[in-house]
Amino acid sequence: MTKQNVVVSDCTSPIGKVRLAASNSGLFSPIPETLASLDGRLIAISKKKPIKRLETGGARVNAWVDSMRDSSPTRTKSTPSLPEREGKSSWILRHPSALENFEQIISASKGKQIVMFLDYDGTLSPIVEDPDQAFMSMEMREAVRDVARYFPTAIVSGRCRDKVYNFVRLEELFYAGSHGMDIKGPSKHPKSDKGNQELIFEAASEFLTMIDEVYKALINEISSIPGAKVENNKFCLAVHFRCVDEKRWAALAKQVRVVISVYPKLKLTQGRKVLEIRPTVKWDKGKALEFLLESLGYANSNDVLPIYIGDDQTDEDAFKVLRHNGKGFGILVSRVAKETNASYSLQEPSEVKEFLRLLVEHERGLQ
């Protein structure tokens with residue numbers, strides 16, 4: 001089989017002048033954290049020590065295959081069994097619809113500034129077989145644009161920041177790509193306390209060369225597996241297996257683990273039909289949420305209500321932050337019941353669009 005089976009999606013465009021970046025020194029030293037400066041203020045950025053070399057044995061691979069299978073969207077059954085219906089009902093009680101409970105969310109926002117955080121794939125756009133074709137609708141773009149007129153709004157995605165921007169194309173938003181490791185904000189934002197300063201932040205710039213090496217190695221290693229797609233998201237890599245025959249998942253997982261086993265400073269995680277390779281730097285979507293709130297001047301503030309909407313396992317880091325702080329709401333986009341730290345739920349992107357429109361209509365009614 002030739003390498004034509006591997007679809008390569010690259011994202012290597014420059015990001016311009018860096019105004020805020022994590023220190024390149026001491027990343028894997030015993031020092032627990034480095035300090036980054038933003039307008040003279042120091043922000044602690046924790047750094048994780050390298051993880052141990054990954055195991056590639058059969059049992060470990062089988063565990064990953066089971067996890068890959070669990071991440072696959074569940075096919076909707078025409079007549080769910082009684083236990084399934086009871087389980088779904090119990091889950092809905094714990095994670096009720098954000099649409100049906102909209103007034104409850106609005107009530108919690110009285111006297112506070114709403115800040116919107118949105119995942120992209122599966123939240124603003126449908127999940128599609130080809131990740132390069134995950135386009136959002138014009139109606140969704142208009143809904144996001146309208147929300148950004150009233151509330152600071154950020155797109156937080158595992159995708160490369162530049163690629164997400166090319167999908168969304170709204171200059172007034174904050175964009176956090178590579179699971180929040182690559183952040184850029186608008187130079188002018190009415191809700192920001194930074195004036196006309198453009199916010200740019202990179203949490204793992206020292207990993208760029210290593211990520212590129214692994215990217216090339218993965219292309220060669222999985223070339224024999226039809227349907228496998230490697231996406232370079234600048235600070236992390238995504239191996240998509242949505243179009244791979246389930247019988248080949250074990251081989252794919254093993255080959256990916258073999259490649260990164262010689263890179264102890266990288267870790268393998270899993271999302272929705274995707275295996276992701278990320279630096280071991282302690283930075284995720286939850287950290288990105290906290291950083292953006294800090295940048296907007298809402299750190300440790302009781303006058304803000306963050307709302308984070310996402311559908312993927314990686315969004316749980318942001319949901320955990322909001323649940324722990326008790327100052328915002330996580331909203332999971334899912335048709336099936338699954339473990340989550342989100343407070344509310346929506347079933348699909350069309351409901352996300354409706355929720356955003358309700359927010360805008362409410363805000364307009366106050367003016």
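The values are calculated or read from the model by the stated rules, or taken from the named source; none is laboratory data. Values in this document were obtained by computation on a predicted structure and should not be read as measured data. In case anyone asks, the SASA skips ligands and DNA or RNA and just uses the protein heavy atoms, side chains included. Shrake-Rupley method; radii C 1.70, N 1.55, O 1.52, S 1.80 Å.
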Inset, instruction - Collect residues whose amide H, placed 1.01 Å from N in the peptide plane, falls under 5 Å from the amide H of VAL333; neighbours closer than 5 in sequence don't count. - result: GLY310, ASP311, LEU346
Inset, instruction - Specify the inter-centroid distance of the range 274-333 and the range 125-158, based on alpha-carbon positions, in whole Å. - result: 18 Å
Legend entry - Phi-based couplings in Hz for the range 129-140 (Karplus 6.51, -1.76, 1.60; Gly and Pro marked x): 5, 9, x, 6, 10, 7, 7, 7, 6, 5, 5, 5
Inset, instruction - State the extension gain, in nm to one decimal, for the chain segment bounded by LYS88 and THR269, taking 0.36 nm per residue of separation less the distance between their alpha-carbons. - result: 62.4 nm
Legend entry - Solvent exposure of the range 193-326 as accessible area per residue, Å², 1.4 Å probe: 34 Å²
Legend entry - ³J(HN,Hα), Karplus 6.51/-1.76/1.60, whole Hz, each residue of the range 96-106, x for Gly, Pro: x, 4, 5, 6, 5, 10, 4, 4, 5, 5, 5
Legend entry - Phi-based couplings in Hz for the range 205-218 (Karplus 6.51, -1.76, 1.60; Gly and Pro marked x): 5, 5, 8, 4, 5, 5, 4, 5, 4, 5, 4, 5, 5, 5
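Using only alpha carbon pairs under 8 Å that are at least six residues apart, calculate the relative contact order of the range 210-252 and give it in whole percent. The partial results should precede the final answer.
Details: 42 pairs, mean separation 14.6, N = 43.
34 percent.
What's the extension gain from GLU361 to VAL262 if we count 0.36 nm per residue and subtract their Cα-Cα distance? Write out the running numbers ahead of the final one.
Working: separation 99, 0.36 × 99 = 35.64 nm, distance 5.30 nm.
30.3 nm is the gain from fully extending GLU361 to VAL262.
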Inset, instruction - Using the structure shown, select from LYS229/LYS254; LYS110/LYS327; LYS234/LYS353; LYS112/LYS327; LYS216/LYS285; LYS285/LYS320 the pairs with a Cα to Cα distance greater than 18 angstrom. - result: LYS234/LYS353; LYS216/LYS285
Inset, instruction - For LYS234, enumerate residues with amide H under 5 Å from its amide H, sequence gap 5+ or separate chain, H modeled in the peptide plane. - result: CYS11
Inset, instruction - Would you pull out the residues with amide H under 5 Å of ALA154's amide H, same chain only if 5 or more places away, H placed 1.01 Å from N? - result: MET116, PHE117, LEU118, PHE174
